[in-house]
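> Mind looking over this structure? Questions follow.
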Amino acid sequence: MTDTVLSEPANTGSRWNLLQFSLVCCFTVGIHGTTSLPHFSFIHTEVFLIAYYVLLILICIPVCYVQIKLGAIYRRGIVGIFSHLVPILKGSAVAILLMTYIRSLVNGLELSYTLYYMFAAFKNDSLGVRDDNPNYASILFHERFLQRSQHIGQGGHVVWYIALCLLATWTVTYLMTFKGFQGLGKIVYGLIPVGLVLAFVVFMYAFIAGPHQLDIPREFRHYRVIPSKVNTSDVIVEEDPSETRTLSDLAHPKPWVSALLIHMSSVGLWAGILPSLGAQLYNSKKIINASWIILLAIYGTLPVLVMLAFDQFFQAASNSGFIAVANGVKPGLSHLLVGMYAKLRHLPFVAFSVYLISFLFGVVHQAVHLVTIWETLLPVIPLPVMRIVRRRECLVAIACVVSMLISLPFASQAGIFIYMVVNSYVDRLIFTLIIISMVPFITGYIKQECLYLPVERACMSLWYGLSSLVPSAMLIYYFAVYVYPFPVVGYDQRKAETVGWCIAAAPIILGLIFGALHAVFNEKGTLRQRLIHALKTDSLRTTDSTNDYDVSDTTNTGLHPSKPASKTNTLDKTETEVVMKAPDSNTDIAKI
C-alpha cells in the first residue's frame, strides 16, 4: 500500500490565463513601489523617471523576454532550467534563490512596519510634543515604535508589537503561498482589485482636497539633507533653492543606478521568479509574447500611478530621523513611515488606506518570491521528513514558522541596526550571479532552433548579454563609490562587517559548490567523464514552440534526477500553439 507524501493541488495541470497573469504582475508595485520609487522621484524629480523608462526598455525587455519564454518552454523554474542546460552552473540558480530568500526576510520586516502603521493611524499618540512639531512623526517612529537602542551592541528586549506584526505578516504569507502558484493565481482575484480601488480613492481624495488644504507643493523641486537643529542625530530633507534639475543631470550616474535598483527589486530581474512565472503559462507563442508585454506594461504604469497617489501626502520638512539617510535602510522607508505619516496622522481613514495599499501590494510581491522558493524546495525534502509531515500545507507552514523565527531579531530594540546590516550586504556580490547566470539563459535561448531565425536568436542573445553586463558594471561602480567606503553601523563595525560579508558571500559560495558537486556526482562514469558531462550543454528536443517534457511537471527543480519524458505523449500542433496531453499517471505526487 502506498502513502501519499507530498502532493500538489488538484489543478496542478491548469495554467494561468492572461487575466490571472495580469493580476499577479501587480506584484511589481510591492513595497518598493510605495517607498523607493516615490523617494527617488522626489530626490531626482523628472530626471529619475527618464532614467527609469530608458532602463526599462533597454534592460527589462530582454531579461523578461528570455526568462519568461524559457520558463514557458522548459516548464521548469530557474534551477531546473540551469541543471538541464549547464548542470555544473545549477549552483548559481540555487545561490540566486538563497539571496531572494534573505531579501524576503527583510521585506517581511518592512511589511510588518506598514501593518503596524495601518492601525497606528487610529491612535492618538501623546509624546509630550506638539502635533505641529515637524519632528513629531520621527519621534513617534524612533522612540515610541522602534524603542531603538543606542547601537547594535545593545540588543535589548524584543518589542512585542513588532514581533506580533511579524507573526501576522508571515501568517498572511502562509495563507497566500501554501497552495502554490495555482492558489496564488486565485487569491489575487480578491486582493489586487481591493488595492487598486483603495489607490484610486486615495488619489481622488488628494485631488479633491487640493494642494492648498493639504499644504503640499505639487511642482518638482530639488531637496537636500541637512542636520536637524533640534537633535544632531536627526536629519531633515528640505528644499534647496540654489539647484534645479535639468536633463544635464542624466550625465550623473546616480539616477541611473537608482533606476536599476528599482528594476531589480520590483520586477525581480535576477531573483529567479520570471522563469517560474513563465512556467505557469500555456505553451503558446501568442500567450508567451503577450505575457512579457503585459508584465512590462503593468510595471511601467501601475507603480508610477501609485507613486502619484502617495506623493500627494509627502511632507519634506518632516522626513527626519537617521533612517532618512542611514546606510542599509531601504531608500524611501522614511518617506512612507515618517514623511507621509506626519501629514496623514490627522486623516485616519486615508492613512489606513495608504498603509493597507502598501501592505497588500507588498505581500503579493513577497508571495510570488516565496512560492518560487517553496516550489524549488519542497520536491527535494528528504524522504524521512516527508514520511512524517506528508502534507504540503504542513511543510509550507514549517518553512514560514522558521522564517518568522529567523526574523525575530529584527523585532528587538537593536533590530533596526541588524536590518541595516543584512539589507546593506545581501546584494553586494549580486553582480557575480548576474554574470554567471547569463551563460545558461543565453545558451538555452540560442539553442532553441524552433523559435525564430538564427539572426533573431543571435541578436536577442547579444541584447540579453549586454543587459546583464552593463547592469553588473553599474552595480560594481555603485558599491565601490556609494556603499563600500561607508560604514553601516558605527558601533563594533568590524564585527558587523564580518557578519555582513558572510551574508553576502555565503549563498554564492555554498550555492556554487553545492551545485557543482551535485552535478558532477549525479552523472555516471569516471570522475573525468562526470566532469565532461556536467560541463556539456543540452537543449530540449523540439519541433515547434514546445518540448517533450511533461507539461504538468512544474515542480521538478533539477536538484534530483528528472524523469524521462513519456513516450505515450501526443502532440496536437497548430500554427501558434502546441499542447501536450498529461500522462495517465499522476507524476506530481511523490509516493513511498
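> If you keep only loop residues by DSSP, which trypsin sites (Lys or Arg not before Pro) in segment 340-446 have at most 15 other Cβ atoms within 10 Å of their Cβ?
Working: sites: Lys343, Arg345, Arg387, Arg390, Arg391, Arg392, Arg428; in loops: Arg345, Arg390, Arg391, Arg428.
Those that pass, being in a loop and sparsely packed, are Arg391.
> Could you give me the ³J(HN,Hα) list for segment 66-82, computed from phi with Karplus coefficients 6.51, -1.76, 1.60 and θ = phi - 60°, whole Hz, x at Gly and Pro?
5, 5, 5, 5, 5, x, 6, 6, 7, 6, 9, x, 5, 5, x, 5, 5
> Relative contact order of segment 21-122, please, whole-number percent, based on alpha carbon pairs below 8 angstrom and at least 6 residues apart.
Values: 22 pairs, mean separation 18.9, N = 102.
Here the relative contact order equals 18 percent.
> Sequence-distant or interchain residues sharing an amide H contact under 5 Å with Ser412, placed H: which?
Counting only residues 5 or more places away or on other chains, the set is Val159.
> At R0 = 45 Å, how high is the FRET efficiency between Thr526 and Tyr53 if r is their beta carbon distance? Nearest 0.05 is fine. Please list the in-between numbers first.
On the way: r = 54 Å, r/R0 = 1.20.
Calculated value: 0.25.
> I've got another one for you. Between His157 and Val401, 0.36 nm times their residue separation minus their Cα-Cα distance comes to what?
Here the segment from His157 to Val401 would lengthen by 85.8 nm.
> Right, something else. So for the pair Leu535, Val194, with labels modelled 7 Å out along Cα→Cβ, what separation do we get in nm?
5.5
> Give the accessible area for Val499 in Å² (nearest 10); use a 1.4 Å probe, count only protein heavy atoms, and leave out ligands, DNA and RNA.
Accessible surface of Val499 is approximately 80 Å².
> Enumerate the calculated ³J(HN,Hα) couplings along segment 435-441 in order (Karplus 6.51 cos²θ - 1.76 cosθ + 1.60, θ = phi - 60°), each rounded to whole Hz, writing x wherever the residue is Gly or Pro.
Whole-Hz 3J(HN,Hα) from phi for segment 435-441: 5, 5, 5, 4, 5, x, 5.
> In Å², what does the accessible area per residue of segment 431-524 work out to with a 1.4 Å probe?
52
The values are calculated or read from the model by the stated rules, or taken from the named source; none is laboratory data. Bear in mind that the values here come from a model prediction, so they are computed numbers and not experimental data. All Cβ positions, even for glycine, are placed from backbone atoms using ideal geometry, and neighbour counts span all protein chains on display. Ligands, DNA and RNA are stripped out before the accessible areas are found, and what is left, the full protein with its side chains, is counted by its heavy atoms. Shrake-Rupley method; radii C 1.70, N 1.55, O 1.52, S 1.80 Å.
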